[in-house]
Amino acid sequence: MTTLLVGFDSAWTRTNKGALVGLLRRDDGTFHDLGPPRTVDYPQAECVILKWQTEQAPTATIVLLDQPTIVKNPAGQRPVENIVGSLVSRRRGGMQPANTSKTEMFGRDAPIWQFLKQFGGPANPLERVADTRVIETYPVLAMIALGWMLKDDERATGRLPKYNPKNQNFSIPDWKHVCKKASGAFHEFRLAEIARRIDELHEISPRKKDQDGLDACLCLLVALYLAERKDCLMVGDLKTGYIVVPHGAELREELDARCNNTCPHRTASEWVRVFHQSDAEFK
């Protein structure tokens, strides 16, 4: 089965732009590179994916999107954000809550819904991949799963890298850290060209579009975990929203504990699942 893998650090709103990167996985397990990350808004992202599908004729397409794909709550945060947010805060990060009162992002006319409609709606990650599947991911949680934290003398968990150049706490050493980790991860998948591009980012003073491109690559990395049938974590559910990232044993333990300690109590096995695409079953 040939699979088109797409990482999309989304635009979130109609007036903003994000970044998109793609890769074709062939039947024999080799890859065909589709070029560097490109800056796109939602209509442009839709056009690029459709163009790739026409040109490459994949059997299936997996899009890993850095934006909530299921948002039913009119206010506050989704249950998945309540579970994950405390882990992010523990590492000196922050997680934006998703709700439909944020009309530009999740209101009735928000661009995310047209994008999802074009590609079959939010996918069930636990089903076998066929046709086009759009799956929500979160680069911050992926970095936690993969153990990319930086040392913090005050926190045993370490801290998240500050690698967004638009933020006042941006750190060049942190940017280089994320680039180095991402490059190494793609080398492990024998994707030297993508790793080389990330190595080039390691050497620059980045702008926001460079960080968007790097986050698109992190989304693509999660798509690779799915396509290569590696264990992944699904946090949340199909009714209220979920996030998919690579499996990390320590992360799973921490998520399980968070579920058991929340009020109302959540059964961890219903909210944190380990699965892989070879059999589409969870453990």
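Give the residues of the stretch 16-55 that are in contact (Cβ under 8 Å) with a residue 60 or more places away in the chain and closer than 13 Å to E193 by Cβ, sorted by residue number.
V21, G22, L23, F31, D33, P36, P37
Which pairs have Cβ atoms under 6 Å, sit 6 or more apart or on different chains, and link a residue in the stretch 111-136 that is over 21 Å from A57 (Cβ atoms) and in contact (Cβ under 8 Å) with a residue 60 or more places away in the chain to one that is crowded, with 20+ Cβ neighbours inside 10 Å and small (G, A, S)?
Taking only residues 6 or more apart or on different chains, the pairs are I135/A123.
Only one of these is in contact with a Lys or Arg (Cβ under 8 Å, 6 or more places away or on another chain) and not basic (K, R): A123, A145, A185, A192. Name it.
Just one listed residue meets the conditions, A123.
What number of residues in the stretch 161-184 are more than 16 Å from the chain's Cα centre (by Cα), of a type in the set (G, A, S) and crowded, with 16+ Cβ neighbours inside 10 Å?
Count: 1.
Please find, among V222, V274, V245, V235, the residue that is of a type in the set (V, I, T), in contact with a His (Cβ under 6 Å, 6 or more places away or on another chain) and at pLDDT 95 or above. Talk me through it step by step, then tell me what you get.
Numbers: V222 fails: in contact with a His (Cβ under 6 Å, 6 or more places away or on another chain); V245 fails: in contact with a His (Cβ under 6 Å, 6 or more places away or on another chain); V235 fails: in contact with a His (Cβ under 6 Å, 6 or more places away or on another chain).
Going through V222, V274, V245, V235 in turn, the sole match is V274.
If you check R155 against the conditions, is it out of contact with any helix residue (DSSP H, G or I) (no Cβ under 8 Å at 6 or more places or on another chain) and either at pLDDT 95 or above or surrounded by fewer than 17 Cβ atoms within 10 Å (Cβ to Cβ) (or both)?
Taking the combined requirement at face value, the residue does not satisfy it.
Determine, yes or no, whether V71 is of a type in the set (A, V, I, L, M) and under 21 Å from R197 (Cβ atoms).
Against the criterion (of a type in the set (A, V, I, L, M) and under 21 Å from R197 (Cβ atoms)), V71 does not qualify.
Out of everything in the stretch 34-54 that is among the polar types (S, T, N, Q) and part of a helix (DSSP H, G or I), what residue ends up being farthest from L5 (Cα to Cα)?
Filtering first and then ranking leaves Q44.
Of everything in the stretch 243-253 that's out of contact with any helix residue (DSSP H, G or I) (no Cβ under 6 Å at 6 or more places or on another chain) and touching a residue at least 60 places away in the same chain (Cβ under 8 Å), which residue is farthest from F189 (Cα to Cα)?
Filtering first and then ranking leaves E250.
Residues are listed down the side, and each one gets a yes or a no for (1) in contact with a Gly (Cβ under 8 Å, 6 or more places away or on another chain); (2) crowded, with 19+ Cβ neighbours inside 10 Å; (3) under 19 Å from L64 (Cβ atoms):
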residue	(1), (2), (3)
E188	no, no, yes
I194	no, yes, yes
H202	no, no, no
L218	yes, yes, yes
L221	yes, yes, yes
A249	no, no, no
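In contact (Cβ under 8 Å) with a residue 40 or more places away in the chain, in a loop (DSSP other than H, G, I, E, B) and under 21 Å from W113 (Cβ atoms) - does that describe any residue in the stretch 75-91?
Looking for residues that are in contact (Cβ under 8 Å) with a residue 40 or more places away in the chain, in a loop (DSSP other than H, G, I, E, B) and under 21 Å from W113 (Cβ atoms), one finds at least one in the stretch 75-91, hence yes.
Give me the pairs: first residue in the stretch 176-194 and on the phi < 0 side of the Ramachandran plot and of a type in the set (S, T, N, Q), second residue at pLDDT 95 or above and surrounded by 21 or more Cβ atoms within 10 Å (Cβ to Cβ), beta-carbon distance under 7 Å, and six or more apart or on different chains, which are they?
Qualifying pairs under 7 Å: S183/I198.
Scan the stretch 92-132 residue by residue and report those that are more than 19 Å from the chain's Cα centre (by Cα) and assigned to a helix (DSSP H, G or I).
Correct list: T103, E104, Q114, K117, Q118.
The values are calculated or read from the model by the stated rules, or taken from the named source; none is laboratory data. Since this is a predicted model, take the numbers as computed values, not measurements. Using ideal geometry, Cβ is built from the backbone for each residue, glycine included, and neighbour counts are taken over all protein chains shown.
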